[in-house]
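First comes the structure, then the notes that go with it.
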Amino acid sequence: MMEENFNILAKDWTKNIPEKNYEIAADIIERLNIGEGHNVLDVAAGTGILYSILKDKGLSNYVAVDIADKMVEEFLNIYPGTDVRCLDYEKKLMFECDFDFVIIFNSIHHFNDYDAIFENSYNNLKAGGKFVICHARTRAGLKEHRRKIGYVSDKEEPIPTDETLINLCQKHGFGEFIIDDTEYFYFCCQKLDQDEKIFEL
Ligand SMILES: C[S@@+](CC[C@H](N)C(=O)[O-])C[C@H]1O[C@@H](n2cnc3c(N)ncnc32)[C@H](O)[C@@H]1O
């Protein structure tokens, strides 16, 4: 199972993260203008790469989730007392607070049920809150990397296509989407107010 693989990798995960990933993570946080008073949900957080930057931003609430308990354990070894929970984000989840940002960094290729992750994000965001999916590689870069390491996957597109993302936005009540696949992969959409939601007729 996938989480067992991540449990094995957890101990050495942090030391194997390339410096470039921290730079991209910082760029994304800057781009989103995350700061003072915001609530952030970090999905598939691993050992806390986003938190290494977010911890100094004066957030009101930060919650991290990851399916692999050893990743959670490692995260808590590095940042004791942080709100890190061992949860599957493909299962229906409701948190105690609404978030300004839900971010999936470097992990979208491990998810299969995109409807579930869009639904969870919608249900846990404030109106106007942003759902962000990003990756330190571009779509083509990730495919090339997988080819080089001989990774075999049954998914043709490890990062969902524009068409898939746009359909998911429309289906789950998001608008104002941005997709940028130039330096790294960046997708951001905004939770619409209930009355702005586009319903399929
Ligand atoms: C490639 S790692 C990235 C971790 C971290 N975001 C980083 O960049 O270092 C992918 C992470 O996704 C987590 N993950 C995969 N499927 C998940 C799910 N359904 N719910 C929550 N976490 C999940 C894995 O346990 C793993 O920690």
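The values are calculated or read from the model by the stated rules, or taken from the named source; none is laboratory data. The shown structure was predicted, so the numbers you read here are calculated from the model rather than taken from an experiment. We place every Cβ from the backbone using ideal geometry, glycine too, and count neighbours over all the protein chains shown. Only protein heavy atoms, including side chains, enter the accessible area calculation; ligands, DNA and RNA are left aside. Shrake-Rupley method; radii C 1.70, N 1.55, O 1.52, S 1.80 Å.
So the values come out like this:
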| read-out | value |
| --- | --- |
| Enumeration of residues in the stretch 156-184 that are assigned to a loop (DSSP other than H, G, I, E, B), more than 19 Å from Val43 (Cα to Cα) and open to solvent by less than 70 Å² (accessible area, probe 1.4 Å) | Glu157, Thr161, Gly173 |
| Qualifying residue in the stretch 159-179 (condition: under 26 Å from Gln194 (Cβ atoms) and of a type in the set (Gly, Ala, Ser)) | yes |
| Matching entry among Ser121, Ser153 (being open to solvent by less than 90 Å² (accessible area, probe 1.4 Å) and assigned to a helix (DSSP H, G or I)) | Ser121 |
| Selection count where residues are assigned to a loop (DSSP other than H, G, I, E, B) and away from the ligand (no atom under 13 Å from the Cβ), scope the stretch 1-54 | 7 |
| Residues that are among the charged types (D, E, K, R) and either within 16 Å of the ligand (Cβ to nearest atom) or touching a residue at least 12 places away in the same chain (Cβ under 8 Å) (or both), drawn from the stretch 95-154 | Asp98, Asp100, Asp113, Asp115, Glu119, Lys126, Lys130, Arg137, Arg139, Lys143, Arg146, Asp154 |
| The stretch 72-94, residues that are of a type outside the set (Val, Ile, Thr), over 15 Å from the mean Cα position of the chain (by Cα) and open to solvent by less than 20 Å² (accessible area, probe 1.4 Å) | Phe75 |
